[in-house]
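Everything on this sheet refers to the single structure shown next.
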Amino acid sequence: MPVDIARIARDFDAQMAAKAKMAESKQDDSEKGGLAAAPPLQQYGATEPAGKEGSLAKSDVAEQHLERAGVFGGHGCTVCAVGVFEGFICVWLTLVLVALIQTRNGFLIFFVLFGCCFHCCTQRGITTMDPGAVNATLESLEKGMDDDHTAAVFEELRKVPATVKVVAEASHTETETSGAGENQQTTTRTVIDHREDEKFSYASWKDVSGRVAGLDEYKVAAVEVVPKIECADAATTASLQSLTQRLLETCKKHVTRNGRAESHAEAELKHPKYEVGGSRVFVTRSAGEEHASWMNTSTYTACRFAWPGLGTVYRILLFTSVANVRYTITKSISVNKQQGDGWNEWQDV
């Protein structure tokens, strides 16, 4: 039977054209789909699903090496701002003391007492604020956890599901001016006009963090544990974005003329002993290593209250003496019930 070459060629051309059309259709769907118009996942502290379209999130990573946490453990701006503030008080109080000694004017004693009282009040506020999480670092250091114990704690945290809460806020900025002439100062502060928060529920979760690696590279290290979520599929992404958009719409009703509405997600690990809310510092040391005798909360408190600026000096010494690293515990979550290795059902659903 003769072979119809022309027909075969036409069939082949038709097949290639159909494949090209399907590829273009898939590209258009990905560009025009409902998720494209939604806010980026980074604002929720989540990441996009990896792998093939519609597939689940990336599989478990065998190990996760510790990463550097940045200048002053990632708290460089806060530590520097507090340092400038304490430095200003130090200079002012020093000048008053020098004037008192030189002039022997008893009236200046009241300024000295006022400066000391003001310094003590600000230090109480700094205790609550804990810039650079120094108090948390020293408290963990005093517990004496070694690398093996720390690694075991991290493994326990990997077995805990993440509690996810979406927060939306309407706020505005207020500017205040004090003083006059060369002494005029302008400060700004953010005022929260309205706040909405709601827990995000899901059906299944899976830890994709990987075992911690690299603890043995540091004699003493302050490890900041940061929980993070990862949407496992498009349905979870859409559900998270829908909740966020609903809370934002409510907050937008309370936005003032110069205000704004913003949102973010908070992931927590509710371990019965080592709860992690937002982040938590664990200080670990190699077996046989001992930390310096001045690294404790009592010495830190004494330095802070003894004289303005000594607290900043202590913080800088601590951050330069201890390695500051970060370990991210990532949970892949899905609103659908998943089956397979590593997947667990969330009990709250």
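The values are calculated or read from the model by the stated rules, or taken from the named source; none is laboratory data. What you are looking at is a predicted structure, and each value in this text was computed from that prediction instead of being measured. Reconstructed Cβ throughout: ideal geometry from the backbone, glycine too, with neighbour counts over all protein chains shown.
Only one residue in Arg326, Arg304 is assigned to a helix (DSSP H, G or I), at pLDDT 95 or above, in contact with a helix residue (DSSP H, G or I) (Cβ under 9 Å, 6 or more places away or on another chain) and of a type in the set (Lys, Arg), so which one is that?
Arg304
What number of residues within the stretch 130-163 are in contact with a helix residue (DSSP H, G or I) (Cβ under 8 Å, 6 or more places away or on another chain) and aliphatic (A, V, I, L, M)?
Total meeting the criteria: 5.
Yes or no: Gly115 in a loop (DSSP other than H, G, I, E, B) and either modelled with pLDDT of 90 or more or not β-branched (Val, Ile, Thr) (or both)?
No.
For the stretch 286-301, check the following and say yes or no: at least one residue is within 17 Å of Ser140 (Cα to Cα), exposed (fewer than 15 other Cβ atoms within 10 Å of the Cβ), among the acidic types (Asp, Glu) and at pLDDT below 95.
The answer is yes, given that some residue of the stretch 286-301 is within 17 Å of Ser140 (Cα to Cα), exposed (fewer than 15 other Cβ atoms within 10 Å of the Cβ), among the acidic types (Asp, Glu) and at pLDDT below 95.
For Cys303, all conditions in the list (1) touching a residue at least 12 places away in the same chain (Cβ under 8 Å); (2) under 21 Å from Ala81 (Cβ atoms); (3) not aromatic (Phe, Trp, Tyr) hold save one; what is the number of the exception?
Every condition holds for Cys303 apart from (1).
State whether the residues of the stretch 319-326 include one that is free of Cβ contacts under 8 Å to residues at least 12 places away in the same chain and at negative phi.
yes
Sort out which residues of the stretch 174-207 are surrounded by 11 or more Cβ atoms within 10 Å (Cβ to Cβ) and in contact with a Gly (Cβ under 8 Å, 6 or more places away or on another chain), and write them in order of number.
Result: Asp193, Lys206, Asp207.
Does at least one position in the stretch 137-146 carry a residue that is crowded, with 18+ Cβ neighbours inside 10 Å, farther than 23 Å from Val322 by Cα and modelled with pLDDT under 95?
No, the stretch 137-146 contains no residue that is crowded, with 18+ Cβ neighbours inside 10 Å, farther than 23 Å from Val322 by Cα and modelled with pLDDT under 95.
When the residues of the stretch 307-323 are filtered to those that are in contact with a Ser or Thr (Cβ under 8 Å, 6 or more places away or on another chain) and assigned to a helix (DSSP H, G or I), which remaining residue is surrounded by the most Cβ atoms within 10 Å (Cβ to Cβ)?
Leu318
Can you report the number of residues in the stretch 179-230 which are of a type in the set (S, T, N, Q) and either within 30 Å of His291 (Cα to Cα) or touching a residue at least 40 places away in the same chain (Cβ under 8 Å) (or both)?
Total satisfying the criteria: 3.
Would you mind stating whether Glu230 is at negative phi, crowded, with 20+ Cβ neighbours inside 10 Å and of a type in the set (D, E, K, R)?
It is true that Glu230 is at negative phi, crowded, with 20+ Cβ neighbours inside 10 Å and of a type in the set (D, E, K, R).
Hey, can you tell me all the residues within the stretch 144-160 that are part of a helix (DSSP H, G or I) and farther than 14 Å from Tyr218 by Cα?
His149, Ala152, Val153, Phe154, Glu155, Glu156, Leu157, Arg158
Which residue pairs have Cβ atoms under 8 Å apart, sit 6 or more places apart or on different chains, and have a first residue in the stretch 264-284 that is within 27 Å of Ser171 (Cβ to Cβ) and a second that is aromatic (Phe, Trp, Tyr)?
Going by the 8 Å Cβ cut-off, the qualifying pairs are His264/Tyr44; Ala265/Tyr44; Ala265/Phe200; Arg280/Tyr274.
I need every pair where a residue in the stretch 112-130 that is surrounded by 13 or more Cβ atoms within 10 Å (Cβ to Cβ) has its Cβ under 9 Å from the Cβ of a residue that is among the small types (Gly, Ala, Ser), sequence separation at least 6 or different chains.
Hits for this filter: Gln123/Gly311; Ile126/Gly311; Asp130/Ala136.
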